[in-house]
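*Asks:* Just dropping this structure here.
The values are calculated or read from the model by the stated rules, or taken from the named source; none is laboratory data. A quick note: this is a predicted structure, and the numbers were derived from the prediction, not measured. Note that we place each Cβ from the backbone using ideal geometry, even for glycine, and neighbour counts take in every protein chain shown.
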Amino acid sequence: MTKNIVVTGIGASSPIGGTAPESWEALLAGTSGTRTLEHEWVEKYQIPVTFAAEALVRPETVLERPVAKRLDPASQFALIAAKEAWADAGSPDVAPERLGIDFATGIGGVWTLLDAWDTLREKGPRRVLPMTVPMLMPNAAAGNLSLHFGARAYASTVASACASSTESLVNAVEHLRDGLADVVIAGGTESAIHPITMASFASMQALSKRNDDPATASRPTSIDRDGFVMGEGAGVLILETEEHARARGAKIYAYVVGGGVTADSYHITANDPEGKGAARAVELALAAAGASADDVTHINAHATSTPVGDPNEYTALQAVFGDRIEDIPVSATKASTGHLLGGTGALEAIFTVLALRDRTAPPTINITEQDPEVPFRVSGAPQELGSGDQLAISNSFGFGGHNAVIAFRSA
C-alpha cells in the first residue's frame, strides 16, 4: 500500500520575512521584497542592475557568531529555516537512522569560493581558510543539517538550477514511500546576490533593468515584464509518513501527494517553447497523486517575469489543462520575493501549502496590463479557493532543461 506523506513543519528566511508565517503574511499583503542594493561593489564593478531581493533578516543577526563563521551564507539560511521548521513540527522524536535530509541549491557557496579566490590572489595560499572547501561545496547545507539534527538515514543534495528544491521535495516523498526514513528535512537554499552572478545574469539579458523602480521590477505575466529579479533565502518543510505523524500527534498542514521530474533536452538556458517536458512533469505529478487535471484547484506558477519563460509555461499548462487553465486560480509569487534560484521551489511549496490551509491563493503584484499570451487567472488581490477538497501544484523549471512539479492536497 502506498504510504501517505504529510507536511508537519515549515520554515523560511525570505526577502519578505524572517520566518514562514511572516513571509506568508507579507505575501498576502502584496509586499515587494525587491530593494536597491546598498553595497560598495555595485558601484565599484559598475553592475548594470543595481537591485535585488535580499533576505529581509540577515543570517548573521540570527545565528551565533561561531556558527555563522563556519558556514557560507547559503548554509546559514538553510540552518535558520530548518531550525524553524523543526520546531514548528514539534521537534519530532525520531531515531537518527530514520531521519533523512533531502536538500538543494542551484549554485552553492559562491561567496565562500570567490572570497577565497580574492584572498589567494591578494595574500597568498597560506591565508586561504582551511574550511573553504567544506563551506563552498554544494552539499554543505545538507551535510551541516545532518550534523545539527543528527540525521543518519541519508543526506542528499540536488543541484538542478531553479528546479533544485522542488526536485528535492519529490525525492523526499519517494524516499519516505520507499521506507528509507520516517521523517525528512527537505528544502533548498541560495545566497548568490554576488557581483559575479549579478553581472553574468545581466550580461545574458535575463534580469529586469528597472533600476529606477525596483519594488515593481518583477512583473510575472505583465505585458511589460523585462526579466527576473535575483532573490536569496531558504525554505524548509518537514515531511513524514502519516503513520508516524499521527502516532506522535503532530499537526498536519497538507498531504504531499505526488511529484514529477523531467528534462527538456532542448537548450542549456531556454526552456522548450512547446513546453513538452514541463507538461509531462505536471502529468507525472498528477499521476503519482492519483488525480486528474480536473482535480487541480490552484497553481503556484514558476513565472519568473521573463519575456519568453512566462508564455512557455502557459503553453505547457494549457497542454495539460486545456482551456480550463484560465479558470484555475494561479499565483506568481516571485513578483513579491524575486527568484531564489535553488531555494525558490521550497519557498513556493510552503506558500502552496499555506494557500491550501487558508484556502487562499496569494496575490500576484506588479501587473500593469496582463499579457494576452499569458492569460492565467492571476490577481493583484488574494483569490478564494473555496470549500471542499483542494489539490494544488507548484512548478519549478531550471537552466539545463530541468522540470520539477510537486502536488499537495488539503489536510
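*Asks:* Please indicate, with yes or no, whether at least one residue in the stretch 19-38 is among the basic types (Lys, Arg) and under 24 Å from ALA140 (Cα atoms).
*Replies:* No, every residue in the stretch 19-38 fails to be among the basic types (Lys, Arg) and under 24 Å from ALA140 (Cα atoms).
*Asks:* Since ALA217 meets every condition but one in (1) farther than 17 Å from PRO15 by Cα; (2) among the small types (Gly, Ala, Ser); (3) over 18 Å from the mean Cα position of the chain (by Cα); (4) crowded, with 20+ Cβ neighbours inside 10 Å, which condition does it not meet?
*Replies:* For ALA217, the exception is condition (1).
*Asks:* Would you mind telling me which numbered condition in (1) without any contact (Cβ under 8 Å) to a residue 24 or more places away in the chain; (2) touching a strand residue (DSSP E or B) at 6+ places or on another chain (Cβ under 7 Å); (3) among the acidic types (Asp, Glu) ASP323 fails?
*Replies:* For ASP323, the failing item is (2).
*Asks:* Among the helices (runs of 4 or more DSSP H) confined wholly to the stretch 1-82, which include 3 or more residues that are closer than 29 Å to LEU385 by Cβ and in contact (Cβ under 8 Å) with a residue 24 or more places away in the chain?
*Replies:* In the stretch 1-82, the matching helices (runs of 4 or more DSSP H) lie at 20-28.
*Asks:* When only residues in the stretch 140-158 that are part of a loop (DSSP other than H, G, I, E, B) and buried (at least 20 other Cβ atoms within 10 Å of the Cβ) count, which is nearest to the chain's Cα centre (by Cα)?
*Replies:* Residue satisfying both the conditions and the ranking: ALA151.
*Asks:* Can you tell me which residues in the stretch 256-271 are touching a helix residue (DSSP H, G or I) at 6+ places or on another chain (Cβ under 7 Å) and either of a type in the set (D, E, K, R) or closer than 15 Å to ALA163 by Cα (or both)?
*Replies:* GLY259, GLY260, VAL261, THR262, ALA263, ASP264, ASN271
*Asks:* Can you pull out the residues in the stretch 363-393 that are over 17 Å from SER222 (Cα atoms) and of a type in the set (Asp, Glu)?
*Replies:* GLU384, ASP389
*Asks:* Right, something else. Give the number of residues within the stretch 160-191 that are out of contact with any Asp or Glu (no Cβ under 7 Å at 6 or more places or on another chain), surrounded by 20 or more Cβ atoms within 10 Å (Cβ to Cβ) and either outside any helix (DSSP H, G or I) or among the polar types (S, T, N, Q) (or both).
*Replies:* Total satisfying the criteria: 8.
*Asks:* In the stretch 125-155, how many are polar (S, T, N, Q) and either modelled with pLDDT under 95 or within 17 Å of GLY235 (Cβ to Cβ) (or both)?
*Replies:* Counting residues in the stretch 125-155 that are polar (S, T, N, Q) and either modelled with pLDDT under 95 or within 17 Å of GLY235 (Cβ to Cβ) (or both) gives 1.
*Asks:* Say we look at the stretch 106-131 and pick out the residues that are part of a helix (DSSP H, G or I) and in contact with a helix residue (DSSP H, G or I) (Cβ under 7 Å, 6 or more places away or on another chain); which of these is nearest to SER165 (Cα to Cα)?
*Replies:* VAL110
*Asks:* Considering only the stretch 210-222, I want to know if a residue exists there that is touching a residue at least 24 places away in the same chain (Cβ under 8 Å) and among the acidic types (Asp, Glu).
*Replies:* no
*Asks:* Please identify the pairs in which a residue from the stretch 235-262 that is on the phi > 0 side of the Ramachandran plot has its Cβ atom under 8 Å from the Cβ atom of a residue that is modelled with pLDDT under 95 and part of a strand (DSSP E or B), counting only partners at least 6 apart or on another chain.
*Replies:* none
*Asks:* Just to check your reading of the model, which residue among THR31, THR2 is surrounded by fewer than 24 Cβ atoms within 10 Å (Cβ to Cβ), at pLDDT below 95 and more than 19 Å from GLY187 (Cα to Cα)?
*Replies:* Of the residues listed, the single one that is surrounded by fewer than 24 Cβ atoms within 10 Å (Cβ to Cβ), at pLDDT below 95 and more than 19 Å from GLY187 (Cα to Cα) is THR2.
*Asks:* Taking the criterion of being within 23 Å of ALA270 (Cβ to Cβ), of a type in the set (Phe, Trp, Tyr) and in contact with a Phe, Trp or Tyr (Cβ under 8 Å, 6 or more places away or on another chain), would at least one residue in the stretch 400-408 satisfy it?
*Replies:* no
*Asks:* ALA82: within 22 Å of ASP182 (Cβ to Cβ), under 17 Å from the mean Cα position of the chain (by Cα) and crowded, with 24+ Cβ neighbours inside 10 Å, yes or no?
*Replies:* It is true that ALA82 is within 22 Å of ASP182 (Cβ to Cβ), under 17 Å from the mean Cα position of the chain (by Cα) and crowded, with 24+ Cβ neighbours inside 10 Å.
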